[in-house]
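The values are calculated or read from the model by the stated rules, or taken from the named source; none is laboratory data. Owing to the predicted nature of the structure, the values given are computational and were not obtained by experimental measurement. Note that each Cβ is placed from the backbone with ideal geometry, even for glycine, and that neighbours are counted across all protein chains shown. With ligands, DNA and RNA removed, areas are computed over all heavy atoms of the protein, side chains included. Shrake-Rupley method; radii C 1.70, N 1.55, O 1.52, S 1.80 Å.
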Amino acid sequence: MAGESVGLDSLGPQELAEVGKQLEGEINGFIQNALTLQQTAGKFAAAGQSVEYLQGQKKGQPLLLPLTESLYVSGTLESVESVLLEIGTGYFVERDLEGGIDYCRRKVLLVRDKTEQLSQLIKSRQTALAQVNALLEQKVGGQAGQA
Amino acid sequence: MDRANALQRELREEADAFQAIQQDVNKNHNARQQFLQQQNENEMVFKELEISGEEGAVYKLIGPALVRQDALEARANVKKRLEFIASELARLDSQLKALEEKQTRKHNQASMMIKLQQEAQRLQQQAVQTA
């Protein structure tokens with residue numbers, strides 16, 4: 001990818017337009033990914049808040065569990081000491097509440113970090129796209145002048 | 001004229017071979033992407049398993065059921081999986097290198113043949129003009 005800007009001058013208008021299109025496609029894909037990452041960060045934050053909320057509860061606390069959006073069944077809190085974390089590839093680990101909160105916090109930080117990296121990437125692609133478009137305009141304008 | 005036809009056919013065959021290589025390169029890329037993803041996820045799992053250490057039960061989702069696993073065994077399994085992924089990635093790397101070499105070779109061959117064809121066309125035209 002680094003060699004792209006080196007050869008840009010030697011490309012014809014049609015090829016430049018193609019490169020521009022490709023860049024645009026990439027940028028759109030990345031923006032979609034960034035959105036997904038943001039949603040993921042939100043989910044982890046919400047999960048962390050739920051565990052924090054559990055900290056203030058006592059064992060045997062009655063509650064209503066949602067089976068569907070409008071159907072609830074009654075139950076009681078069986079354990080307020082540990083949570084089961086899904087850590088990927090089908091593995092689950094039992095942790096205490098602090099561990100669960102810590103896990104969610106670390107995940108939020110990780111996802112935010114990746115989002116930041118991705119937005120840098122988007123920015124660099126956008127400058128590349130602007131470069132390509134400027135060069136394209138220059139070339140097309142030059143041709144029109146000659147003709 | 002026969003010579004020109006033969007050249008054209010050869011050129012087409014070369015182009016087909018080149019395309020086949022390109023397809024292989026694409027396949028290689030897809031496989032690599034998948035393995036990289038798996039590597040990422042497994043590394044995350046391994047880190048989490050290390051954090052929880054010996055205490056804290058480990059379960060694995062087998063079908064719809066969560067089955068209790070030995071913590072040490074789970075860690076060993078994930079590690080084995082990571083090793084397998086690393087070896088697969090290394091294999092794909094060497095495969096890609098070989099494919100790329102083949103590709104540049106084919107590319108050089110093709111451009112040489114195009115030159116030959118152009119030369120043949122020029123000679124033909126010359127022959128027609130002089131005749």
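Out of all the residues in region A:87-104, is one or more in contact (Cβ under 8 Å) with a residue 60 or more places away in the chain, part of a helix (DSSP H, G or I) and open to solvent by 80 Å² or more (accessible area, probe 1.4 Å)?
The initial filter retains those residues of region A:87-104 that are in contact (Cβ under 8 Å) with a residue 60 or more places away in the chain, namely A:104.
From the residues that got through so far, the ones that are part of a helix (DSSP H, G or I) too are A:104.
Among the residues that remain, those that are also open to solvent by 80 Å² or more (accessible area, probe 1.4 Å) are: none.
Checked region A:87-104: no residue is in contact (Cβ under 8 Å) with a residue 60 or more places away in the chain, part of a helix (DSSP H, G or I) and open to solvent by 80 Å² or more (accessible area, probe 1.4 Å).
Pull up region A:135-147, narrow it to residues that are surrounded by 12 or more Cβ atoms within 10 Å (Cβ to Cβ) and not basic (Lys, Arg), then point me to the one that is farthest from A:Ala17 (Cα to Cα). Outline the logic, then answer.
So in region A:135-147, the residues surrounded by 12 or more Cβ atoms within 10 Å (Cβ to Cβ) come out as A:135-140.
With not basic (Lys, Arg) added as a condition, the list becomes A:135-138, A:140.
Numbers: A:Leu135: 10, A:Leu136: 7, A:Glu137: 10, A:Gln138: 12, A:Val140: 11 Å.
Filtering region A:135-147 for residues that are surrounded by 12 or more Cβ atoms within 10 Å (Cβ to Cβ) and not basic (Lys, Arg), the one farthest from A:Ala17 (Cα to Cα) comes out as A:Gln138.
Could you grab me the full set of residues in region B:72-93 that are without any contact (Cβ under 8 Å) to a residue 24 or more places away in the chain, surrounded by fewer than 16 Cβ atoms within 10 Å (Cβ to Cβ) and within 14 Å of another protein chain (Cβ to nearest Cβ)?
Of everything in region B:72-93, those that are without any contact (Cβ under 8 Å) to a residue 24 or more places away in the chain, surrounded by fewer than 16 Cβ atoms within 10 Å (Cβ to Cβ) and within 14 Å of another protein chain (Cβ to nearest Cβ) turn out to be B:Leu72, B:Glu73, B:Ala76, B:Lys80, B:Phe84.
Quick check: is even one residue across region B:94-107 within 12 Å of chain A (Cβ to nearest Cβ), within 23 Å of the chain's Cα centre (by Cα), over 18 Å from B:Glu13 (Cβ atoms) and surrounded by 12 or more Cβ atoms within 10 Å (Cβ to Cβ)?
In the first step, residues of region B:94-107 are kept if they are within 12 Å of chain A (Cβ to nearest Cβ); the result is none.
No, because not a single residue in region B:94-107 is within 12 Å of chain A (Cβ to nearest Cβ), within 23 Å of the chain's Cα centre (by Cα), over 18 Å from B:Glu13 (Cβ atoms) and surrounded by 12 or more Cβ atoms within 10 Å (Cβ to Cβ).
Output the number of the condition that B:Ile62 fails; it satisfies all remaining conditions of (1) within 15 Å of A:Thr89 (Cα to Cα); (2) within 12 Å of chain A (Cβ to nearest Cβ); (3) open to solvent by less than 50 Å² (accessible area, probe 1.4 Å); (4) not hydroxyl-bearing (Ser, Thr, Tyr).
Against the list (1) within 15 Å of A:Thr89 (Cα to Cα); (2) within 12 Å of chain A (Cβ to nearest Cβ); (3) open to solvent by less than 50 Å² (accessible area, probe 1.4 Å); (4) not hydroxyl-bearing (Ser, Thr, Tyr), B:Ile62 comes up short only on (3).
Give me a count of the residues in region A:52-86 that are assigned to a helix (DSSP H, G or I) and surrounded by 11 or more Cβ atoms within 10 Å (Cβ to Cβ).
3
May I ask you to list the residues in region A:51-86 that are in contact (Cβ under 8 Å) with a residue 12 or more places away in the chain and among the β-branched types (Val, Ile, Thr)?
Within region A:51-86, A:Val51, A:Thr76, A:Val80, A:Val83 qualify.
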